[in-house]
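The values are calculated or read from the model by the stated rules, or taken from the named source; none is laboratory data. All values reported here derive from a predicted model rather than from experimental measurement. Glycine also receives a Cβ, built like all others from the backbone with ideal geometry; neighbour counts cover every protein chain displayed.
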Amino acid sequence: MDKNLFPSNTLFKYSSFIKHLNIYKISKSIEDWDRTLATKNFRKSNFTKLICRSLIQLFIENVVNLHSLHVSYGSFDDIFELILQNSNFIGNIKNFKLGHLEMSVSTIKLLTFLSSNCNSISSLSYQCYNNYEHQQMMGLSQIIKSQKNLRKILFRSPLNQSLLSLKNSNCSNTLNTIIFDDIEFKNIIILNEVFNQLNVLESIHIIL
């Protein structure tokens, strides 16, 4: 990475204070910024990827423990590969938000890593508006099953597979809050069966 791309006297020297990473918003902000430039020395996609990857590299080099990770809306193979090469960066995240992603080898590897190597997630949000990729749903289910400290979960997605993952999961003694956001409950018959296995469940919220 070109060290002159972000000089040491810029605000990025304070990246050690960055605890919340939303990859989509970073990418979108860079794209918007690119549109304001008078000259176009790069193709937009290449420019965005270069700057975004450079930022993530800076964060990886300076952030000791990332607290929150939000991945959604698009394809971020280069960034996922970079993160997975420095897996300590996300190894202890507490909040994870997952939305629409183009499924690829890198996306599957990221979800697999989180389910196998990160059991520190206490708040999980999954927002998908239709029957999206089966592999993504399976990846989410494996993440849910692996968590030992999960306290809050938000669903905005087809429910059956996600709810089934709560049965006999490691979070049965920690999960106390479930939020259903714009969920169609028709034909869902496993609610009681799942809720009866959640020993410390305190509140259920339904957002219409």
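Quick notes
- Filtering ASN149, ASN176 for residues that are surrounded by fewer than 17 Cβ atoms within 10 Å (Cβ to Cβ), in contact with a strand residue (DSSP E or B) (Cβ under 8 Å, 6 or more places away or on another chain) and under 20 Å from PHE96 (Cα atoms) leaves a single hit, ASN176.
- When the range 28-39 is filtered for residues that are at pLDDT 80 or above and basic (Lys, Arg), only LYS28 remains.
- Candidates LEU175, LEU198 - the one that is farther than 18 Å from ASN95 by Cβ and touching a residue at least 24 places away in the same chain (Cβ under 8 Å): LEU198
- Subset of the range 94-122 (residues that are surrounded by fewer than 20 Cβ atoms within 10 Å (Cβ to Cβ), of a type in the set (A, V, I, L, M, F, W, C) and closer than 18 Å to LEU21 by Cα): PHE113, CYS118
- Residue check for ILE189: at pLDDT 90 or above and assigned to a loop (DSSP other than H, G, I, E, B): no
- Some residue of the range 95-102 being farther than 30 Å from ASP78 by Cβ and either among the basic types (Lys, Arg) or at pLDDT 85 or above (or both): no
- Residues in the range 82-92 that are more than 17 Å from ILE51 (Cβ to Cβ), of a type outside the set (Phe, Trp, Tyr) and in contact with a helix residue (DSSP H, G or I) (Cβ under 8 Å, 6 or more places away or on another chain): LEU84, ASN86, SER87, ILE90, GLY91.
- Under the condition of being in a helix (DSSP H, G or I) and either farther than 18 Å from SER116 by Cα or at pLDDT below 85 (or both), the residues counted in the range 40-81 number 22.
- Of the residues in the range 154-172, not one is aliphatic (A, V, I, L, M), over 22 Å from the mean Cα position of the chain (by Cα) and modelled with pLDDT of 85 or more.
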